[in-house]
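Reading through the structure tokens given below for one structure.
The values are calculated or read from the model by the stated rules, or taken from the named source; none is laboratory data. Quick caveat, the model's predicted, so the values are computed rather than measured. Quick reminder, even Gly has a Cβ in these numbers, built from the backbone with ideal geometry, and neighbours come from all protein chains shown.
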Amino acid sequence: MSAVAVKMDTMRTVPLGTTGLEVPNVVLGVMRIGESTDDEVRTLVRTARDAGIDFFDHADVYGPEVHGCEERFAEALQLSSSERAEITLQTKAGIVREGPYFDFSYEHIIESVEGSLRALRTDYIDILLLHRPDALVEPEEVARAFDELEEAGKVRAFGVSNHTPRQIDLLRTAVRQPIVANQLQLSITHAPTIAHGVASNMVGLEQSVTLDGGGIVDYCRINDITVQAWSPFQAGFFNGVFLDSPDYPELNAVIDRLAKVYDVPPIAIATAWITRHPAGMQVVLGTTTPDRVTGAAQGSDIPLTRAEWYELFRAAGHRVP
């Protein structure tokens with residue numbers, strides 16, 4: 001069976017910014033496939049497609065070398081033009097990992113996209129994200145690169161990753177294309193973008209302190225920017241998952257109980273905590289384990305009640321005044 005087999009119609013979709021596209025609210029990030037075999041990549045993608053996931057998230061820096069995971073993806077799948085048209089490919093540019101530093105110059109953006117096109121063996125990228133903010137950004141250079149890529153048909157939509165509201169506003173002083181997505185780290189336990197608003201105006205509580213420039217999730221909702229949640233099961237910044245972790249006994253007890261209520265695996269409840277949010281977020285999976293993809297996808301449209309959502313939130317250690 002082809003790695004792009006017909007998908008099931010069980011995945012809930014959300015609007016992708018202002019593009020008019022409806023995209024799955026659970027997507028597959030492939031940052032860890034650099035050492036996978038062809039069969040492993042094909043099985044992973046086939047599993048995702050069977051679960052309703054036709055959206056794949058890349059970046060130029062993913063893999064053992066630059067563009068490594070993009071190359072691995074294309075080599076393993078060998079997609080025909082019709083198969084390529086059935087999926088959405090998103091990639092990112094802006095990190096120079098040899099530094100490390102960030103580079104949003106015209107030259108670097110163009111060079112990165114050309115490398116991604118070659119590696120992915122495609123004529124176009126569906127969505128290009130700027131990968132982590134560049135403190136030395138010049139919006140006019142970004143705009144020049146975006147205009148050239150759009151006019152050449154090489155990139156169809158543009159977004160950002162890990163940007164604050166003001167960083168997006170700065171780009172918009174020169175960039176004429178809409179910013180359609182902002183990829184942010186978000187999980188039940190790592191949720192400052194949501195948690196600070198719940199506890200706003202509380203003296204002496206760290207949770208009430210705004211660290212992202214002023215309500216990035218609300219800003220994205222107001223401006224029709226789709227939030228994409230990366231590391232949805234990480235406890236913090238790449239320091240292990242909270243599922244089944246002895247560090248989060250109360251949270252896992254609630255997750256396990258709700259998993260039985262909804263007859264799904266625990267990973268689906270962790271997914272549902274994000275997909276339940278009215279912002280219409282996309283959950284970006286980073287696993288290479290097919291069973292985890294299938295399980296997480298079951299959280300696409302679980303109708304958690306407000307009481308259940310807040311119970312998970314409190315069990316993760318967040319304060320509800």
Problem set entry | Residue among 52, 29, 68 that is touching a Pro at 6+ places or on another chain (Cβ under 8 Å) and of a type in the set (Gly, Ala, Ser) | 52
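Which members of region 28-66 meet the condition of being β-branched (Val, Ile, Thr) and in contact with a His (Cβ under 9 Å, 6 or more places away or on another chain)? Before the answer, list the steps.
Of the residues in region 28-66, the ones β-branched (Val, Ile, Thr) are 30, 33, 37, 41, 43, 45, 47, 53, 61, 66.
Correct list: 30, 61.
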Seminar exercise, completed: When every residue in region 218-277 that is part of a helix (DSSP H, G or I) and aromatic (Phe, Trp, Tyr) is compared, the one surrounded by the most Cβ atoms within 10 Å (Cβ to Cβ) is 273
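Considering every residue within region 192-210, establish whether at least one is under 21 Å from residue 17 (Cα atoms), modelled with pLDDT under 95, among the polar types (S, T, N, Q) and not in a loop (DSSP other than H, G, I, E, B).
yes
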Problem set entry | Any chance residue 110 is in contact with a helix residue (DSSP H, G or I) (Cβ under 8 Å, 6 or more places away or on another chain), touching a residue at least 40 places away in the same chain (Cβ under 8 Å) and either hydrophobic (A, V, I, L, M, F, W, C) or farther than 21 Å from residue 146 by Cβ (or both) | no
Seminar exercise, completed: Subset of region 90-131, residues charged (D, E, K, R) and either at pLDDT below 95 or surrounded by 23 or more Cβ atoms within 10 Å (Cβ to Cβ) (or both), comes to 92, 97, 98
For this session: Would you point out the residue of region 143-163, among those that are surrounded by fewer than 21 Cβ atoms within 10 Å (Cβ to Cβ) and not small (Gly, Ala, Ser), that is nearest to residue 247 (Cα to Cα)?
Result: 162
Seminar exercise, completed: Of the candidates 75, 22, 86, the one satisfying the condition of being under 16 Å from the mean Cα position of the chain (by Cα), surrounded by fewer than 18 Cβ atoms within 10 Å (Cβ to Cβ) and not small (Gly, Ala, Ser) is 22
For this session: Looking only at region 8-18, decide whether some residue is more than 21 Å from residue 301 (Cα to Cα) and surrounded by fewer than 22 Cβ atoms within 10 Å (Cβ to Cβ).
Result: yes
Problem set entry | Filter result for the condition that a residue is at pLDDT 95 or above, in contact with a Gly (Cβ under 8 Å, 6 or more places away or on another chain) and of a type outside the set (Asp, Glu), over 283, 293, 254 | 283
